[in-house]
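Worksheet: the structure to be examined is printed underneath.
Nothing in this text is a laboratory measurement; each read-out follows from the coordinates by a stated rule. As the structure is a computational prediction, the values presented were derived from the model and not from experiment. For neighbour counting, all protein chains shown are included, and Cβ atoms are generated from backbone atoms with ideal geometry for every residue, glycine included.
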Amino acid sequence: MALPVVAIIGRPNVGKSTLVNRLCRSRDAIVHDEPGVTRDRTYQEGFWGGRTFRVVDTGGLVFDDDSEFLPEIREQASLAMAEACVALVIVDGQQGLTAADEAIAAWLRQQKCPVLLGVNKCESPEQGLAMAAEFWSLGLGEPKPISAIHGAGTGDLLDQVLDFLPPQDEEEAAEPIQMAIVGRPNVGKSSLLNTVCGENRAIVSPIRGTTRDTIDTSIEREGQSWKLLDTAGIRRRRSVNYGPEFFGINRSFKAIERSDVCVLVIDAEEGVTEQDQRLAGRIEEEGRACLVVVNKWDLVEKDSHTMPAMEKELRSKLYFLEWAPMLFISALTGQRVERIFPLAVLAVEQHRRRVSTAVVNEVLQEALSWRSPPTTRGGRQGRLYYGTQVAVRPPSFTLFVNEPKLFGDTYRRYVERQIRQGLGFEGSPVRLFWRGKQQRDAERDQARAASR
């Protein structure tokens, strides 16, 4: 059963994102002293009174202006209200009642969702009630003075929220797979999210930097729960000014870190750029499972040889992710979009797979029989004794040898290729740790000294 949703509604700069971070005990929502920072619906999990629920942050509502993104922000707010059990309407107690607040109240009275009114920025308990009293005229019920920064009054507001949540389902759902959709600006990440969800889940625009927050979306596919993380487009660091885009990109990197699998979106018309290569390297460094998705395939003139030729070219530049499956799609037409999920399931399974030591050593013996370790000019030869898997997520192996320095990069890559050929792990990076005899002896001596 999906978690109940609590929507946060209000005009720009009343402290909605600050309140979301307070309710969810996080810093995931971008807070910046600038109107229009939040544009899409962004979700986080909140917990209060033994109940878990989803808090959806929305962009600031403006009804007397149809300039850039404002109509799309209103649409996102309407979608949030449609799925919410209750909406928290936030106003600014220090600024007082405004015409924009009255316009939002009139719009809310046309919605079917129950409403609670929170008067933010009431840091003074003595003055809070007086500041809140002005908002009785909105006709949205009792205004509750709160401080999103300090937390004053938020507990009382959450106590009221619990009254609107449906009865709790006793069964706990399986942990969802977290899939981060990452890429440069304007490669079609938000379009892909909307196609998968079957709705305008994120605002799509040719303007770079439209998506700023990391947008979490829960769906069901392949008999599995998924949490999709649509991220801000990641540009070169020197091109990014301190502000909303800077924070959005940092959250994109955090989304990679907390994901189970990354979908790296590439523009089929532009091909692989230097920034795509950096993102591929970041995914590999973080040890995430990965799927490379080449979007806008419908815009490419092609024949029967185009796809193999382009895949070869793309892989030559994305050498960081030579182990990742590659899929050519069109987020606009939906071509092959649904094939993302079975490939992602396979990548996650391989990322979490553990292999017995006996099987690992069978593969290593086969590798040694085909190609012996190198020998130095002085006649010293590397010896690979045995190996064992020591970790998953990503699969990691320790190989015990006589001296790691005797194994150069070429032979190490050969061993990794043999492990992949023998054991699979498609869609997942593999880590190899080479341990020599002197290193093992030193660790044993340290263990003995510690036990005395």
What's the ranking of 130-138, 9-17, 299-307 by average number of surrounding C-beta atoms within 10 Å, highest first? 9-17, 130-138, 299-307
Lysines within cross-link reach of Lys437: Cα-Cα under 19 Å, excluding same-chain residues under 8 positions apart? Lys405
Extension gain (nm, one decimal) between Glu403 and Glu83, 0.36 nm per residue minus Cα-Cα: 109.1 nm
Between their Cα atoms, which of Lys227/Lys317; Lys16/Lys144; Lys189/Lys254; Lys16/Lys227 are more than 26 Å away from each other? Lys227/Lys317
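Checking the a/c ratio against 1.5 first, then a/b against b/c, what shape does the Cα gyration tensor give for the range 357-451? Don't jump to the answer; show the numbers that get you there.
On the way: a/c = 2.11, a/b = 1.16, b/c = 1.82.
It is oblate, given that a/c is not under 1.5 and a/b is not larger than b/c.
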At a Förster distance of 30 Å, what's the computed FRET efficiency of Arg353 paired with Glu311, Cβ-Cβ distance as r, to 0.05? 0.75
Within straight-line cross-link reach of Lys312, lysines at Cα separation under 19 Å, skipping those fewer than 8 residues along the same chain: Lys296, Lys302
Taking Lys and Arg as +1 and Asp and Glu as -1, residues besides Leu129 with C-beta under 15 Å from its C-beta add up to -3
If you take the C-alpha gyration tensor of the range 348-387, multiply each eigenvalue by 5 and take the square root, what semi-axes do you get, largest first, in whole Å? 28, 10, 9
Work out how much length Asp303 to Trp136 would gain on full extension: take 0.36 nm times their residue separation and subtract the Cα-Cα distance, in nm to one decimal. 53.5 nm
Excluding Val300 itself, what net charge comes from residues whose Cβ is under 12 Å from its Cβ, given Lys and Arg +1 and Asp and Glu -1? -4
Simple Cβ-charge dipole of the range 304-420, Lys/Arg +1 and Asp/Glu -1, about Cα centre, in debye nearest 20: 280 debye
